[in-house]
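A.B. asks: Encoded as structure tokens, here's the structure I'll be asking about.
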Amino acid sequence: MSDTRHTKVLIIGSGPAGYTAGVYASRAMLEPILVQGMEPGGQLTTTTEVENWPGETEIQGPQLMVNMESHARAMGCDIVLDLISDLDLSKRPFVAKGDSGTTYTADAVILATGARAKWLGLPSEDAFKGFGVSACATCDGFFYRGQEIVVIGGGNTAVEEALFLTNFASKVTLIHRRDTLRAEKILQDRLMKNPKIETLWFHELDEVIGTSDPKGVEAIRVKNVKTGETSEIPCKGVFVAIGHAPASELVKDQLETHSGGYVWVEPGTTRTSIEGVFAAGDLTDVHYRQAVTSAGMGCMAALDAERWLAEQE
């Protein structure tokens, strides 16, 4: 049976931005409802060690998100396990529809839907997703104990995945279309010093090769971006780590966006192009994309919403 719930502030998303917004909105006595979405805790639930969260020399990503959710609940935030499938920002109160059948109406909305892994778009990549092709080393690395695997990419995500996968694999080949990495220097140093990792420069993934019965990856074909020559690399797992795209599908036709879908916010604030709608975290952040900056923006969004609501009264 469907029902309707109203709140002063509806928070959509449950990563560091969403949970921090929940803490601050609750402390402001706004009685927020936070809808967690498909992946409660967001991207940090698929990471292992987090070494750059202030106050924690090292903490597991999933544990950090459990802590943040508990904190938001303790402050009084109403956290709901639901997925918003439709959001109408054309009228007030704003209307959001959940997959559960619940309709949420809100005086203000804080968007904290984050980002998700990008894919290369190859038919063979799609064909073997879940059968040897993955975008999450912490989810699937365990299945490749003693095997040879490859990682595609050259940023922080790719290097972190490659390093993590050495815990299981006999060999990890990092494939990058350039000859320099974009990853932080400390990560690059660890990569270069790891005897299990081999780098293949100036190459890109051309095709994933495998069997259909049973379904599984056997090798990949790579192409030299300078010469066009192709070659095969035997492997059992392919991890695509080429970054993330903002999860802005709900609002891309309603709010101003930039840089491929990131929600625009007024500089120095979390205000979007529609009054009463605020956005925080990786959904808006094309530059930093860190847990701590997302949390900071979640704080800003709650404070911005509180002030905006006060002005309406």
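A.B. asks: Which of (1) surrounded by fewer than 22 Cβ atoms within 10 Å (Cβ to Cβ); (2) in contact with a Phe, Trp or Tyr (Cβ under 9 Å, 6 or more places away or on another chain) is the odd one out, the single condition residue 153 does not satisfy?
C.D. replies: Of everything listed in (1) surrounded by fewer than 22 Cβ atoms within 10 Å (Cβ to Cβ); (2) in contact with a Phe, Trp or Tyr (Cβ under 9 Å, 6 or more places away or on another chain), residue 153 misses just condition (1).
A.B. asks: Look at residue 128 and say whether it is buried (at least 18 other Cβ atoms within 10 Å of the Cβ), under 22 Å from residue 291 (Cα atoms) and touching a residue at least 12 places away in the same chain (Cβ under 8 Å).
C.D. replies: No; evaluated as a whole, the condition is false for this residue.
A.B. asks: Here is a follow-up. Hey, among the residues in the stretch 205-236 that are of a type in the set (A, V, I, L, M) and part of a strand (DSSP E or B), which one's nearest to residue 126 (Cα to Cα)? If you could, list the steps in order and put the result at the bottom.
C.D. replies: Our first condition is that a residue be of a type in the set (A, V, I, L, M); within the stretch 205-236, this holds for 205, 208-209, 217, 219-220, 222, 225, 233.
Add one more test, that the residue is part of a strand (DSSP E or B), and what stays is 205, 208-209, 217, 219-220, 222, 233.
Numbers: 205: 13, 208: 9, 209: 12, 217: 12, 219: 15, 220: 14, 222: 16, 233: 19 Å.
Selected residue: 208.
A.B. asks: Being in contact with a Ser or Thr (Cβ under 7 Å, 6 or more places away or on another chain) and not β-branched (Val, Ile, Thr) narrows it down to one of 198, 232, so name that one. Talk me through it step by step, then tell me what you get.
C.D. replies: Working: 232 fails: in contact with a Ser or Thr (Cβ under 7 Å, 6 or more places away or on another chain).
After applying the criteria, what remains is 198.
A.B. asks: Of the residues that sit in the stretch 85-144 and are touching a Lys or Arg at 6+ places or on another chain (Cβ under 7 Å) and among the acidic types (Asp, Glu), which one is nearest to residue 302 (Cα to Cα)?
C.D. replies: 107
A.B. asks: Right, another one. Residues 4, 45, 57: which one is touching a residue at least 40 places away in the same chain (Cβ under 8 Å) and either farther than 22 Å from residue 135 by Cβ or surrounded by fewer than 23 Cβ atoms within 10 Å (Cβ to Cβ) (or both)?
C.D. replies: Only one candidate qualifies: 4.
A.B. asks: If I go through the stretch 34-78 residue by residue, how many of them are small (Gly, Ala, Ser) and closer than 22 Å to residue 167 by Cα?
C.D. replies: 1
A.B. asks: Restricting to the stretch 236-268, name every residue that is out of contact with any Gly (no Cβ under 6 Å at 6 or more places or on another chain), crowded, with 16+ Cβ neighbours inside 10 Å and more than 16 Å from residue 157 (Cβ to Cβ).
C.D. replies: Hits for the stretch 236-268 are 236, 250, 251, 254, 255, 257, 261, 262, 263, 265.
Residue by residue, here is whether (1) in contact (Cβ under 8 Å) with a residue 40 or more places away in the chain; (2) crowded, with 19+ Cβ neighbours inside 10 Å; (3) not in a strand (DSSP E or B) holds:
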position	(1), (2), (3)
109	yes, yes, no
140	yes, yes, yes
143	yes, no, yes
163	no, yes, yes
167	no, no, yes
174	no, yes, no
180	no, no, yes
190	no, no, yes
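A.B. asks: While we're on this one: Take residue 124 and decide whether it is outside any strand (DSSP E or B), at pLDDT 95 or above and among the small types (Gly, Ala, Ser).
C.D. replies: Considered against the rule, which asks whether it is outside any strand (DSSP E or B), at pLDDT 95 or above and among the small types (Gly, Ala, Ser), residue 124 comes out as yes.
A.B. asks: Which condition breaks for residue 157 when tested against (1) closer than 16 Å to residue 216 by Cβ; (2) touching a strand residue (DSSP E or B) at 6+ places or on another chain (Cβ under 9 Å)?
C.D. replies: (1)
A.B. asks: Still on this structure: Could you tell me which residue of the stretch 81-94 is farthest from residue 4 (Cα to Cα), considering only residues that are hydrophobic (A, V, I, L, M, F, W, C) and buried (at least 18 other Cβ atoms within 10 Å of the Cβ)?
C.D. replies: 89
The values are calculated or read from the model by the stated rules, or taken from the named source; none is laboratory data. No experiment lies behind these values; they were computed from the predicted model shown. Ideal geometry is used to build each Cβ from the backbone, glycine not excepted, and the neighbour counts take in all protein chains shown.
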